[in-house]
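First comes the structure, then the notes that go with it.
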Amino acid sequence: MITRKSKREIELMHEAGKLLASCHKEIAKRIKPGITTIEIDTFVEEYLKKHDATPEQKGFHGYPYATCACINDEICHGFPRDEPLKNGDIVTIDMVVNLNGALADSAWTYRVGTVDPEVERLLNVTHESLKRSIDVALVGKRTGDIGHAIQSYVEDEGFSVVRDFTGHGIGPTIHEDPNIFHFGHPGTGVRLKEGMVLTIEPMVNMGTWHSQKDDNGWTARTIDGKWSAQFEHTIAITKDGPLILTSQD
């Protein structure tokens, strides 16, 4: 079932999104060679607690951490761990914040030190694909328009779009209808209506889009070992255009 949020509900989710964005800004200050993703995870949980919020994904279907942390060839749902990040790595930190019952979800891929030029291009293309897809998230458009905006741009740049994982509706639970595929055809899929709140979260690979899952049952990574990046925002569909609830600007 697709739910449409009231103006008040969107305002509350926006407050959660602002807190999430502020946490990402703090993470950005801490990303450097030598830090571990378990240290980042501990920081996030403590930061949210300090601001009277909780990490919604901790315990979701048994997931044990406050964040998902994916390094290099890992696509999503990676477990935080004690492995120190190295210069040239990339790491995606994904989290869902619950503030007074209102949810917001955002992932960001960070450079660790200085990355290779092609990796830099991967990050720039992934981030740009998110921006382009948000631009078409308008009342009356369809979910296929979002997917097409991502796929057409990413593939023209020589990268691939992960197809095994999607964006989604959000609030009051983490995953709601509709699914937001990051590939598709214009004019297809669910029609966007005022009050819908969605995550758009393109995952873009340097090689093939196909993924495989680790033995932990959660971590997804590329089958060819090539690297993957992700940028995600939670947005509200409004009559005045898309409202980015997790904006870091």
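Data overview
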{"read-out": "Lone unmet requirement of (1) in contact (Cβ under 8 Å) with a residue 60 or more places away in the chain; (2) open to solvent by 40 Å² or more (accessible area, probe 1.4 Å) for residue 241", "value": "(2)"}
{"read-out": "Unique match (being in contact (Cβ under 8 Å) with a residue 24 or more places away in the chain, surrounded by fewer than 20 Cβ atoms within 10 Å (Cβ to Cβ) and either touching a helix residue (DSSP H, G or I) at 6+ places or on another chain (Cβ under 9 Å) or outside any loop (DSSP other than H, G, I, E, B) (or both)) among 38, 93", "value": "38"}
{"read-out": "Residues of the range 157-189 satisfying the condition of being over 15 Å from the mean Cα position of the chain (by Cα), crowded, with 17+ Cβ neighbours inside 10 Å and within 14 Å of residue 133 (Cβ to Cβ)", "value": "183, 184, 189"}
{"read-out": "Subset of the range 1-28 [within 26 Å of residue 69 (Cβ to Cβ) and basic (Lys, Arg)]", "value": "18, 25"}
{"read-out": "Selected residue [closer than 21 Å to residue 110 by Cβ, in a strand (DSSP E or B) and modelled with pLDDT of 95 or more] from 229, 236", "value": "229"}
{"read-out": "Some residue of the range 33-45 being farther than 30 Å from residue 212 by Cβ and modelled with pLDDT of 95 or more", "value": "no"}
{"read-out": "Verdict on residue 143 being among the hydroxyl-bearing types (Ser, Thr, Tyr) and under 18 Å from the mean Cα position of the chain (by Cα)", "value": "yes"}
{"read-out": "Scope the range 3-32; condition at pLDDT 95 or above and outside any helix (DSSP H, G or I); matching residues", "value": "4, 5, 6, 31, 32"}
{"read-out": "Per-region count, the range 108-135, residues under 19 Å from the mean Cα position of the chain (by Cα), open to solvent by less than 40 Å² (accessible area, probe 1.4 Å) and not aromatic (Phe, Trp, Tyr)", "value": "11"}
{"read-out": "Single match in 78, 17 (criterion: within 29 Å of residue 241 (Cβ to Cβ) and surrounded by 22 or more Cβ atoms within 10 Å (Cβ to Cβ))", "value": "17"}
{"read-out": "Those strands (runs of 3 or more DSSP E) lying entirely in the range 107-207 with at least 3 residues in contact (Cβ under 8 Å) with a residue 60 or more places away in the chain and in contact with a Gly (Cβ under 8 Å, 6 or more places away or on another chain)", "value": "176-180, 197-200"}
{"read-out": "Residue ID - modelled with the lowest pLDDT, chosen from residues in the range 209-226 that are polar (S, T, N, Q) and either assigned to a loop (DSSP other than H, G, I, E, B) or open to solvent by 60 Å² or more (accessible area, probe 1.4 Å) (or both)", "value": "216"}
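The values are calculated or read from the model by the stated rules, or taken from the named source; none is laboratory data. The model shown is predicted, which means the values in this text are computed figures rather than measured ones. As a convention, Cβ positions derive from the backbone with ideal geometry for all residues, glycine included, and neighbour counts pool all protein chains shown. When the accessible area is computed, the model is the full protein with side chains, heavy atoms only, and any ligands, DNA or RNA have been set aside. Shrake-Rupley method; radii C 1.70, N 1.55, O 1.52, S 1.80 Å.
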